[in-house]
Amino acid sequence: MSRPKKHFGQHFLHDRGVIERIVAAIAPQPGECIVEIGPGEGALTLPLLDAAGRMTAIELDAELIEPLRARAAAVGELQIIQADVLKVDLAALAGGGKLRLAGNLPYYLSSPILFHCVAALDATADMHFMLQKEVVERMAATPGSKVYGRLSVMLQLACRVEPLLQVPPEAFRPPPQVTSAVVRLTPLPAAQRPDPALAPVIGALVRAAFGQRRKTLANSLRGFADAAAIRAAGIDPRARAESVPPEGYVALARQVASANLQAGRQLADNAGAR
Ligand code: SAM
């Protein structure tokens, strides 16, 4: 066993019961394209590999690779990619199929990893991640909750978010200072997701709205959307960011995009008339 490295966010799972519950939640099957992020010493990898027969793991820490390869040899066919997961083209790993992503994520990098995985949503069947409990609560939060925010809106527009179980610090070596939780993310069918062309507008609106979450939307969205556009999206301009459901931001983005389009047309017409 290696000495866990803090700078790689290494907290190795050792609680058999927790490992079994996570593997049961994933329910890996032979033939599936399972990709684990941060296999570490293989606490989840080996039982996943045992069930699936073959899988891929992406690990940044070079020192963990050979011991993991040796442990996996008798269990199944493990492809190990030694890399920073943020630099791996996940969709390419799917090879035309659908990925099942899993991992006890390094907490220092959990949000960037989440958004990197969401960027490969069209090539993904589902994701099971261990994260800080507070992060899972933010991901699954509903409007009106104190922790409902940008992460909740952006993820819920893309996926069904299901918190599955909580995991106490003692389940890890060394124990982290926080409680952890496992969450399942299942991509929504493409037809239920916002038009990808709207994504930059939605991102900008959500960032602006929650950037000043105590202000009314009329104030926090000044420069993006006026009161008339907010009303046209079916939202009270006196409301605050935290009371607007994810689909409210999509409606608002449509208003903003069509107003910009009209302004653009107007400019083009004026230029043509000159
Ligand atoms: N899966 C193992 C377990 O449950 O015991 C280890 C989990 S540990 C919390 C996180 C793992 O992610 C470590 O093995 C760490 O080296 C790895 N890691 C950290 N940053 C990474 C990155 N950018 N890309 C891939 N793996 C990373």
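The values are calculated or read from the model by the stated rules, or taken from the named source; none is laboratory data. Predicted, not measured: the structure shown is a model, and the values here were computed from it. Note that we place each Cβ from the backbone using ideal geometry, even for glycine, and neighbour counts take in every protein chain shown. Side chains are part of the model used for accessible areas, which takes the heavy atoms of the whole protein and leaves out ligands, DNA and RNA. Shrake-Rupley method; radii C 1.70, N 1.55, O 1.52, S 1.80 Å.
Identify all aspartates and glutamates with a Cα-Cα distance to LYS98 below 13 Å; exclude those on the same chain that are fewer than 8 residues away in sequence.
List returned: GLU32, ASP122, ASP126.
In nm², what is the average projected area of the convex hull enclosing the Cα atoms of the chain? Let's see the in-between values first.
On the way: hull surface 68.3 nm².
Taking a quarter of the hull surface, the average projection is 17.1 nm².
Among VAL18, ILE34, LEU49, whose Cα lies farthest out toward the positive end of the dipole of the stretch 6-53, if unit charges sit on the beta carbon of Lys, Arg (+1) and Asp, Glu (-1)?
Value: VAL18.
Taking a probe of 1.4 angstrom, what is the accessible area of GLU77 in Å², to the nearest 10?
Approximately 110 Å² for this residue.
HIS7 accessible area, nearest 10 Å², 1.4 Å probe?
Its heavy atoms expose roughly 120 Å² to the probe.
Going by amide H atoms built from the backbone, whose H comes under 5 Å of the H on LEU164, apart from near neighbours?
Placed amide hydrogens put VAL182, VAL183, ARG184 under 5 Å from LEU164.
Restricting to DSSP H runs of at least four residues, report the calculated mean residue ellipticity at 222 nm for the chain, -39500 (n - 2.57) per run over all residues, nearest 500 deg cm²/dmol.
Here the helix-only value at 222 nm equals -12000 deg cm²/dmol.
What residues have an amide H closer than 5 Å to that of ARG173, excluding those fewer than 5 places away on the same chain, when H is modeled at 1.01 Å from N in the peptide plane?
PHE12, LEU13, HIS14
Tell me, what is the percent relative contact order of the chain, built from C-alpha pairs under 8 Å that lie six or more residues apart?
14
Can you give the convex hull volume of the alpha carbon atoms of the stretch 33-173 per residue, in Å³? Don't skip to the answer; put the middle values down first.
Working: hull volume 16.1 nm³, N = 141.
Considering the Cα atoms of the stretch 33-173, their hull volume per residue is 114 Å³.
Using a 10 angstrom cutoff on alpha carbons, build the Gaussian network for the chain and name the most mobile of GLY42, GLY103, GLY203.
GLY203
Note down the relative contact order for the stretch 57-111 as a percent, whole number, built from C-alpha pairs under 8 angstrom at least six residues apart.
Worked out over the stretch 57-111, it gives 36 percent.
Please work out how much length the chain gains when fully extended from GLN166 to ARG222, using 0.36 nm per residue of separation minus the C-alpha to C-alpha distance, in nm with one decimal.
16.1 nm
Quick one: which of 55-62, 229-236 comes out on top by average Cβ neighbours within 10 Å, and what's the full order, highest first?
Numbers: 55-62: 20.2, 229-236: 18.0.
So the peptides 55-62, 229-236, ranked by packing, come out 55-62, 229-236.
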